[in-house]
Amino acid sequence: MAMISSKVGRRALFHSQRNVGGFSFPVRLSSKRLFRTIIISLAFIALFPPIFFHFRLRRFHQIQLRKCGWLNNPPLVCAHGGDSTKAFPNTMDAYEFALRSQVDCIEIDVSRSLDGVLFALHDRDLQRISGNNTSKVGYLIETQIKELGIDYQSALKSDAGIVPTVEDALKLISGSVRQVILDAKVGPPSYEKGLAKDILSVVERTQCKNCLVWAKSDSLARDVIKQASDVMVGYIVMIDPSTGFRTNLLRMKGADVVGVYHPLIDEKLVRILHGRNKKVYAWTVDDVNSMQKMLFERVDAVVTSNPTLLQRRMQDIRTECLEEGFSFSQ
């Protein structure tokens, strides 16, 4: 009985101690827990700021790398038809303005006349020159095209050549830029027939070692690859007007470059193409916001009708990055 009474007493004491001061544990255990809580709190206080600032710093570096990483490998500034903000596109004047701006690259539109002469000319520019919105380069012979150019030139009271041949354009620019893009236009009546051979003949005659040939016609691009393994070739990714969907991203062996309609470009697309050792050229990028996005996406070249604007934006971002402490090759 005495032992039972003693246990009951201790149990009662235990319960009475549990309720003292509203604590749910004996004072002795509560002190241990309090001590442990204090230690944990101090550790948290000591560790949280460094961890917090570590992640903040990491996030800052990620944002900075996205903004400034392209500086380690800047894209080519490629003038679409020369600098067409200062002269009629695909004219010697437009090419001269682009060269004075020290662009890296010039894109030339290539169209074939009815008698087989390659002109630096787009159908839409011919329509502008002729005043006829149905004109096609492929239906006119060399003399007709040149006469239209002379008439337009007289109307403008300019002595600038309006319609150069591709050969004349290459002689002027190929030695002064890192790359020349020959954008081959396929149209009636001959379409692709013999066009690859004609383009490669001009490339060979002008000894253009830095020429890149691309076209919306995969058939033409493949013909160039078959006929000249030493000439760089590209294909075009765009919205297919017949389906409304993007054309296939990976579809041509032997092509080194993919020219992508710039609204389609994102980080994933660039990663996929770079993973297949293909360069990404964005076209045609004429507004500042899109130019900036292409830099951040790390494309390899930006084709623009306003190369000076792109160069200015690149310089502004370069200055901002250096002021923010960006270090190259990080």
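The values are calculated or read from the model by the stated rules, or taken from the named source; none is laboratory data. What you see is a predicted model, and the numbers here were worked out from it, not measured in a lab. Here the Cβ is made from the backbone with ideal geometry for all residues, glycine too, and neighbour counts use every protein chain on show. The accessibility values were calculated without ligands, DNA or RNA, using every heavy atom of the protein model including side chains. Shrake-Rupley method; radii C 1.70, N 1.55, O 1.52, S 1.80 Å.
Specify the residue that is modelled with the highest pLDDT; the eligible residues are those in segment 224-249 that are polar (S, T, N, Q) and closer than 21 Å to Gln207 by Cβ. Among them, the one singled out is Gln227. Taking the criterion of being farther than 16 Å from Asp183 by Cα, open to solvent by 30 Å² or more (accessible area, probe 1.4 Å) and part of a loop (DSSP other than H, G, I, E, B), the residues of segment 258-289 that qualify are Asp266, Arg276, Asn277, Asp286, Asp287. Of the residues in segment 98-109, none is closer than 30 Å to Ser217 by Cβ, at pLDDT 95 or above and open to solvent by 50 Å² or more (accessible area, probe 1.4 Å). Going by what's in this entry, would Leu13 be described as of a type outside the set (Asp, Glu), at pLDDT below 80 and either more than 30 Å from Glu204 (Cβ to Cβ) or buried (at least 20 other Cβ atoms within 10 Å of the Cβ) (or both)? So Leu13 fits the description; yes.
Of the strands (runs of 3 or more DSSP E) lying entirely inside segment 163-257, those containing at least 2 residues that are closer than 30 Å to Asp151 by Cα and open to solvent by less than 10 Å² (accessible area, probe 1.4 Å) are 179-184.
Taking Leu148, is it part of a helix (DSSP H, G or I), open to solvent by 30 Å² or more (accessible area, probe 1.4 Å) and touching a helix residue (DSSP H, G or I) at 6+ places or on another chain (Cβ under 7 Å)? Against the criterion (part of a helix (DSSP H, G or I), open to solvent by 30 Å² or more (accessible area, probe 1.4 Å) and touching a helix residue (DSSP H, G or I) at 6+ places or on another chain (Cβ under 7 Å)), Leu148 qualifies.
Checked against the criterion of being among the β-branched types (Val, Ile, Thr), more than 13 Å from Pro164 (Cβ to Cβ), modelled with pLDDT of 95 or more and in a helix (DSSP H, G or I), the candidates Thr143, Thr134 yield just one match: Thr143. Scanning segment 297-311 for residues that are open to solvent by 10 Å² or more (accessible area, probe 1.4 Å) and in a helix (DSSP H, G or I) returns Thr308, Leu309, Gln311.
Every condition in (1) touching a residue at least 24 places away in the same chain (Cβ under 8 Å); (2) in a loop (DSSP other than H, G, I, E, B) holds for Ser327 except the one numbered (1).
Exactly one residue out of Met314, Met294 is open to solvent by 10 Å² or more (accessible area, probe 1.4 Å) and not basic (Lys, Arg): that is Met314.
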